[in-house]
C-alpha cells in the first residue's frame, strides 16, 4: 500500500512553493521595464528594430525551431497569430491553469480552450470535424493510445521540441508526431468522511460496503484515465500488459455486485457525494485533496499495491492547425524547464523529471510532494496499447451492462 499524505496525517500541509509563479510574475511586470529589458524577457522586438516573422502557412511543415527560422522568429510569428486553440484542458488537471496563464503572460497569446472536459476520443473527433476551420484545435493532449491512433490516421504534424532528445525513447514517437509530457499512477481516491474504511487495493473494491460507490473518470473507450483504470485492474487480477481481459472481468464483477457506479467522477460529483470512491490518476486525486480540504472534506488517496500502473499523457500538433506557429511555441513551453516544473506543482510527473534532476533544474520542493511509489513503471508498447484498446472497445459495454 502506498498512500499520499492526507488531511488527517498532515493537517497543515503547505502547498509546494510555486516555481512557475515567480517567473510568471516577472513576465506580468514586463510592461514596467525599460524597452531593452522587456525585449530580453519576452523575445519580442529589439529596441529600434523588428524581429522578422515567418509566414504561418510555411510553419505547417516546420519540424523544429530551426525550421521555423529560430526561436525569435517563432515567437514573433506566433504573436502575430495571436491565438492558440486548445481542447480538453481543465484548469485543475495537471496544473493546466498555471500553464495556460504562464504561456499567455509570457508571450501575449490568448489561449482558447474548447470543451475543457472532453475525452481523448473527443479531441480526435474535433480534429476531423473542424478540419480547415478557424476553430479547429491547434494542439492536443491525449492518452498515449489515442495519440498513437491519431498518428496512424495521419492527423498529427511531426515536430521536435528543443528538449526532444532528453525525452526517453519509450515516451515518444520516433517520428515525433507525439511525445509524452506528464503522467502519474492510477490511484483510488476516497471520501473518508463518508466511507468508514477507505479501500487500499483493487481487491478491496469488491467489498459489499462499497455498494454503488466505485467510479471511473470517464468511459475507457474514450478517456485515457478510465482506460488506465481498466489496465491497472487487469494487473491486479493476474492480467498483464499483453492481457487487459482480467480488467474487463473485474469491472464486470463490480457491475454484477452493483459496486460499480457508472457516473463519471468529477470534482463536482465527488463534492455532492455521488461518487465517493474514484479510480483516477494520482495527480488529480491528490490535487482534489488540496481543494477539498479547504471545504472540510477528507479526501484520501492511495496508489493500490496490487495494481501499480503508470502512464503519461501525450502532446501533439494538429496537422491542419489554424495557428501553426502558436502550436509549436506551446509545445516548446510545456516541454521547457518552466513548463515541466509547473507540472510538478500539480503533482504530475514531468517526462523530463530525471534529466532535470541530473541538470539541477528540477524544483525539488514540488517534487518531494509526489506520492511515493516503489519500483520502475512499465509502459505498454504501441502494439500492446493498440490490442488493449481494441479489447476494451469490443468488451467494455458488455462488461458493465446490467442486462446480462
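The values are calculated or read from the model by the stated rules, or taken from the named source; none is laboratory data. Predicted model only: the values in this text are computed from it and were never measured. Quick reminder, even Gly has a Cβ in these numbers, built from the backbone with ideal geometry, and neighbours come from all protein chains shown.
Among the residues of the range 141-177, the ones that are outside any loop (DSSP other than H, G, I, E, B), at pLDDT 95 or above and farther than 20 Å from residue 121 by Cα come to 3 in all. I need every pair where a residue in the range 230-252 that is on the phi > 0 side of the Ramachandran plot has its Cβ under 9 Å from the Cβ of a residue that is assigned to a helix (DSSP H, G or I), sequence separation at least 6 or different chains. Once the first residue is on the phi > 0 side of the Ramachandran plot and sits in the range 230-252, its partners that are assigned to a helix (DSSP H, G or I) give 238/246. Restricting the range 230-248 to residues that are touching a helix residue (DSSP H, G or I) at 6+ places or on another chain (Cβ under 7 Å) and in a helix (DSSP H, G or I), the residue that is surrounded by the most Cβ atoms within 10 Å (Cβ to Cβ) is 247.
For residue 221, the conditions (1) out of contact with any strand residue (DSSP E or B) (no Cβ under 8 Å at 6 or more places or on another chain); (2) in the same structural domain as residue 380 (by TED's automatic domain parsing); (3) part of a helix (DSSP H, G or I) are fulfilled apart from (3).
Here is a yes/no grid of residues against (1) modelled with pLDDT under 95; (2) surrounded by 21 or more Cβ atoms within 10 Å (Cβ to Cβ); (3) over 13 Å from residue 326 (Cα atoms):
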| position | (1), (2), (3) |
| --- | --- |
| 56 | yes, no, no |
| 77 | no, yes, no |
| 88 | no, yes, yes |
| 101 | no, no, yes |
| 104 | no, no, no |
| 114 | no, no, yes |
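The single condition among (1) under 15 Å from the mean Cα position of the chain (by Cα); (2) buried (at least 21 other Cβ atoms within 10 Å of the Cβ); (3) within 18 Å of residue 222 (Cβ to Cβ) that residue 127 does not satisfy is (1). Checking each residue in the range 66-94 for being within 30 Å of residue 370 (Cβ to Cβ) and in contact with a helix residue (DSSP H, G or I) (Cβ under 7 Å, 6 or more places away or on another chain) picks out 84, 87, 88, 89, 90, 91, 92, 93, 94. Among the criteria (1) part of a loop (DSSP other than H, G, I, E, B); (2) over 25 Å from residue 203 (Cβ atoms), the one residue 378 does not fulfil is (2). Scanning the range 318-331 for residues that are more than 15 Å from the chain's Cα centre (by Cα) and closer than 17 Å to residue 127 by Cβ turns up 318, 319, 320, 321, 322, 323, 324, 326, 327, 328.
Among the residues examined, residue 326 does not qualify as in contact with a helix residue (DSSP H, G or I) (Cβ under 7 Å, 6 or more places away or on another chain), assigned by TED's automatic domain parsing to the domain that holds residue 62, part of a strand (DSSP E or B) and under 17 Å from residue 96 (Cβ atoms). Checked against (1) part of a helix (DSSP H, G or I); (2) in contact with a helix residue (DSSP H, G or I) (Cβ under 7 Å, 6 or more places away or on another chain), residue 394 meets all criteria but (2). For the range 209-218, the candidate set comprises residues that are in contact with a strand residue (DSSP E or B) (Cβ under 8 Å, 6 or more places away or on another chain) and not in a loop (DSSP other than H, G, I, E, B); within that set, the residue that is surrounded by the most Cβ atoms within 10 Å (Cβ to Cβ) is 214.
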